[in-house]
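> Attaching a single structure in structure tokens format; questions to follow.
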Amino acid sequence: MQSRARVVIVGGGVSGLATAHYIHRQLSAGVQLTLVEAGDRLGGKIANQEFSGHLVDTGPDALLVRVPAMAALLEDLGLSDEIVAPASLGAHVWSRGKLRRLPTGTLFGVPDRLIPLVRSGLMSPAGLARAALDLVLPRRRTFAPDPSIADLVTARLGAQVFDRLVEPLLGGVHAGRATELSAHSTVPDIDRLARNNRSLYLGLRKMRRHSPPATGAPVLVTLTGGLGRLVEALVSRLAGDDLRLNATVGSIARDGSGYRVDLADGQSIAADAVVLATPAHATAGLLAELAPEAATVMAEIPYVDVATIWLAYPRSAMGRVLDGTGFLVPPEEGKLMVGCTWSSAKWPHLADDDLVLIRCMVGRRGDLRWLEMDDDTMVRQVHAELVEAMGLTAAPDHQSIQRWPLAMPQYLVGHQGRLGALAAATAHLPGLYLTGAAYRGVGIASCVVDAKRTAQDVAHDVPQPTADARPLTEVTP
Ligand SMILES: Cc1cc2nc3c(=O)[nH]c(=O)nc-3n(C[C@H](O)[C@H](O)[C@H](O)COP(=O)(O)OP(=O)(O)OC[C@H]3O[C@@H](n4cnc5c(N)ncnc54)[C@H](O)[C@@H]3O)c2cc1C
């Protein structure tokens, strides 16, 4: 009998599940895999629930399918036929009392065409004139080691492009503030454009000429029945593995050439390799004794609380045509809402003859107002904002709120330095791997890319099968 490499994955979100999937692809029968999840279900931030007769996502609701690894994973899992493209296109920005069309073709708010920007009405004549200065300003020669997004964008395109385009988009995706976020870690394309071109606008146009975005194919998609399908499909591939729910890992310790994974209930699992697919704040606790320096760095990655609010309105209450996917709200507007998806218009499977389903996002770095509010107060406030923005004429028939404490990691200025420090602080721990949204991309597609890379590292490093069998056992203290 040959022994198999014993791999323990901590965390059953998409990062842990995808890592498990790719490890199987790499090592086939040569691995004995245990996945330990603190919660009572798998999927982590990917979650859904019944709402007004529909299954709705309470965490993420869209996938970036243009990332090749994401598309390949969907294909691999047999989900390609379940991909659903948005039925409506184009978002709005709620700016100065009106919903205004977000110009198409921007790269995180950096415009690549002037006419849609002018037509959007988002910019004042002075703001447009300031943005146009980007065409003539001299090339920037010096950069901070890790500039913020604000640092790169405002200097070229002015404060209005920053406040009314870049900030709302970043709020919607990262729940963060562009004055603090590292351009290199959060929007690497903008960082490259700024360093390699005199003008951001002309640089983006050149980039688009060389690699035009595929026309027709949707960028963000969901799956029939929502993103829970991705979790179900990943879990179905782990049949035969040791999947443990309601099992919280308390710490990781060295055990000979391998590790001992200690659970909060007193049990331990022996492992040749351990993958920590947990949020940085949780990982910091797990590594407090084994790698205290890494734990300190990990604890420096801040997280923002967010909430999703599902509201179902009678169709007759709509004060406007839902001509797009929804709208984003710049922080300068001072609203509670960060954004709002017109889900019934955006996703064909959420269309309803009688009701309009609307999903609002609350929570942005630095805005703590809503944390003190109870659910009803928060709904009243968000509803009042929807009345103002969309002219709604009735209260919602149904409401559902999902609060996500410590949900969105922030890649603040210095993030790459922190990743370097983490690598150095764990270099003496072969067989220990870190993956997840805390490091190299917060979106599901980025988590999948990182999971694939992690699985390749595990497959490369773990001991190959040998003649002396050492089965996966539970070591009780
Ligand atoms: C409201 C919201 C909307 C979003 N929208 C989108 C979107 O539309 N598109 C997109 O691409 N991304 C979106 N994201 C981001 C994306 O969902 C997450 O970044 C991603 O799902 C994180 O996956 P993960 O596996 O790295 O972490 P998680 O999903 O957080 O999983 C980590 C798991 O580790 C477990 N765990 C923690 N500590 C322990 C422990 N000690 N022992 C055992 N288990 C432990 C947790 O219970 C959890 O299940 C959104 C996020 C939120 C919150």
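Residues are listed down the side, and each one gets a yes or a no for (1) outside the structural domain of residue 28 (by TED's automatic domain parsing); (2) on the phi > 0 side of the Ramachandran plot; (3) more than 16 Å from the ligand (Cβ to nearest atom); (4) at pLDDT below 95:
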{"position": "391", "(1), (2), (3), (4)": "yes, yes, yes, no"}
{"position": "397", "(1), (2), (3), (4)": "yes, no, yes, no"}
{"position": "402", "(1), (2), (3), (4)": "yes, no, no, no"}
{"position": "417", "(1), (2), (3), (4)": "no, no, yes, no"}
{"position": "423", "(1), (2), (3), (4)": "no, no, yes, no"}
{"position": "469", "(1), (2), (3), (4)": "yes, no, yes, yes"}
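> From 270, 284, which residue is modelled with pLDDT of 95 or more and part of a strand (DSSP E or B)? I'd like the intermediate steps shown before the answer.
Numbers: 284 fails: part of a strand (DSSP E or B).
Among 270, 284, only 270 is modelled with pLDDT of 95 or more and part of a strand (DSSP E or B).
> Using beta carbons and a limit of 8 Å, which pairs, at least six apart or on different chains, have the first residue in region 114-143 and in the same structural domain as residue 195 (by TED's automatic domain parsing) and on the phi > 0 side of the Ramachandran plot and the second one surrounded by 12 or more Cβ atoms within 10 Å (Cβ to Cβ) and modelled with pLDDT of 95 or more?
121/100
> Inside region 410-459, can you point out the residues that are basic (Lys, Arg) and farther than 21 Å from residue 169 by Cβ?
If the condition is that a residue be basic (Lys, Arg) and farther than 21 Å from residue 169 by Cβ, then 418, 452, 453 are the ones that fit.
Per-residue answers, yes or no, for (1) closer than 23 Å to residue 447 by Cβ; (2) in contact with a Ser or Thr (Cβ under 8 Å, 6 or more places away or on another chain); (3) of a type in the set (Phe, Trp, Tyr); (4) at pLDDT below 95:
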position	(1), (2), (3), (4)
96	no, no, no, yes
102	no, yes, no, yes
116	no, yes, no, yes
120	no, no, no, yes
158	no, no, no, no
166	no, no, no, yes
171	yes, no, no, yes
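> If you don't mind, another one. Looking only at region 369-407, how many residues end up being assigned to a helix (DSSP H, G or I), loosely packed, with under 13 Cβ neighbours inside 10 Å and β-branched (Val, Ile, Thr)?
Going through region 369-407 one residue at a time, the tally reaches 1.
> Please enumerate the residues belonging to region 1-14 that are out of contact with any Ser or Thr (no Cβ under 9 Å at 6 or more places or on another chain), under 23 Å from residue 283 (Cβ atoms) and away from the ligand (no atom under 16 Å from the Cβ).
The answer is 5, and nothing else.
> Could you please let me know if residue 178 is crowded, with 23+ Cβ neighbours inside 10 Å, touching a Leu at 6+ places or on another chain (Cβ under 7 Å) and either charged (D, E, K, R) or free of Cβ contacts under 8 Å to residues at least 40 places away in the same chain (or both)?
yes
> Looking only at region 237-259, how many residues end up being closer than 20 Å to residue 21 by Cβ, away from the ligand (no atom under 14 Å from the Cβ) and in contact (Cβ under 8 Å) with a residue 24 or more places away in the chain?
Qualifying residue count, region 237-259: 3.
> A further question follows. Scan region 298-341 for residues that are surrounded by 22 or more Cβ atoms within 10 Å (Cβ to Cβ) and in a helix (DSSP H, G or I) and report the count.
Number of matching residues: 1.
> Continuing with the same structure: Could you check residue 443 against (1) surrounded by 21 or more Cβ atoms within 10 Å (Cβ to Cβ); (2) within 16 Å of the ligand (Cβ to nearest atom) and say which number it fails?
(1)
> Sticking with this one: Hey, does region 100-107 have a residue that's buried (at least 16 other Cβ atoms within 10 Å of the Cβ) and basic (Lys, Arg)?
yes
> How about region 65-115: which of its residues are of a type in the set (D, E, K, R) and in contact with a Gly (Cβ under 7 Å, 6 or more places away or on another chain)?
Across region 65-115, the qualifying residues are 100, 101, 112, 113.
> Let me ask something else. If a residue counts only when it is in contact (Cβ under 8 Å) with a residue 24 or more places away in the chain, under 21 Å from residue 220 (Cα atoms) and more than 15 Å from the ligand (Cβ to nearest atom), which strands (runs of 3 or more DSSP E) contained entirely in region 15-88 have at least 1 such residues?
Once the strands (runs of 3 or more DSSP E) in region 15-88 are filtered for at least 1 residues that are in contact (Cβ under 8 Å) with a residue 24 or more places away in the chain, under 21 Å from residue 220 (Cα atoms) and more than 15 Å from the ligand (Cβ to nearest atom), what remains is 54-57.
> Further, regarding this structure: Given the criteria over 30 Å from residue 320 (Cα atoms) and at pLDDT 95 or above, does residue 453 qualify?
yes
> Checking residue 390 against (1) without any contact (Cβ under 8 Å) to a residue 24 or more places away in the chain; (2) touching a Lys or Arg at 6+ places or on another chain (Cβ under 6 Å): exactly one of these is not met. Which one?
Only one criterion is unmet by residue 390, namely (1).
> Sticking with this structure for a sec: Give region 277-294 a look and list any residue that's among the aliphatic types (A, V, I, L, M) and within 12 Å of the ligand (Cβ to nearest atom), or say none.
Correct list: 277, 280, 282, 284, 286, 287, 288.
> Is region 260-276 home to any residue that is within 19 Å of residue 46 (Cβ to Cβ), within 13 Å of the ligand (Cβ to nearest atom) and crowded, with 19+ Cβ neighbours inside 10 Å?
Yes, some residue in region 260-276 is within 19 Å of residue 46 (Cβ to Cβ), within 13 Å of the ligand (Cβ to nearest atom) and crowded, with 19+ Cβ neighbours inside 10 Å.
> Something else now. Restricting attention to region 188-236, report how many residues are of a type in the set (Val, Ile, Thr) and under 22 Å from residue 178 (Cα atoms).
Residues meeting the conditions: 1.
> Given the conditions (1) touching a strand residue (DSSP E or B) at 6+ places or on another chain (Cβ under 7 Å); (2) surrounded by fewer than 18 Cβ atoms within 10 Å (Cβ to Cβ), which single one is not true for residue 93?
(2)
> Hey, does region 365-373 have a residue that's in contact with a helix residue (DSSP H, G or I) (Cβ under 6 Å, 6 or more places away or on another chain), modelled with pLDDT of 95 or more and closer than 30 Å to residue 440 by Cβ?
Of the residues in region 365-373, the ones in contact with a helix residue (DSSP H, G or I) (Cβ under 6 Å, 6 or more places away or on another chain) are 370.
Remaining after also requiring modelled with pLDDT of 95 or more: 370.
Within this subset, residues satisfying the condition of being closer than 30 Å to residue 440 by Cβ are 370.
Scanning region 365-373, I find at least one residue that is in contact with a helix residue (DSSP H, G or I) (Cβ under 6 Å, 6 or more places away or on another chain), modelled with pLDDT of 95 or more and closer than 30 Å to residue 440 by Cβ, so the answer is yes.
The values are calculated or read from the model by the stated rules, or taken from the named source; none is laboratory data. None of the values given here were measured: they were computed from a predicted structure. With ideal geometry, Cβ positions are generated from the backbone for all residues, glycine too; neighbour counts draw on all protein chains shown.
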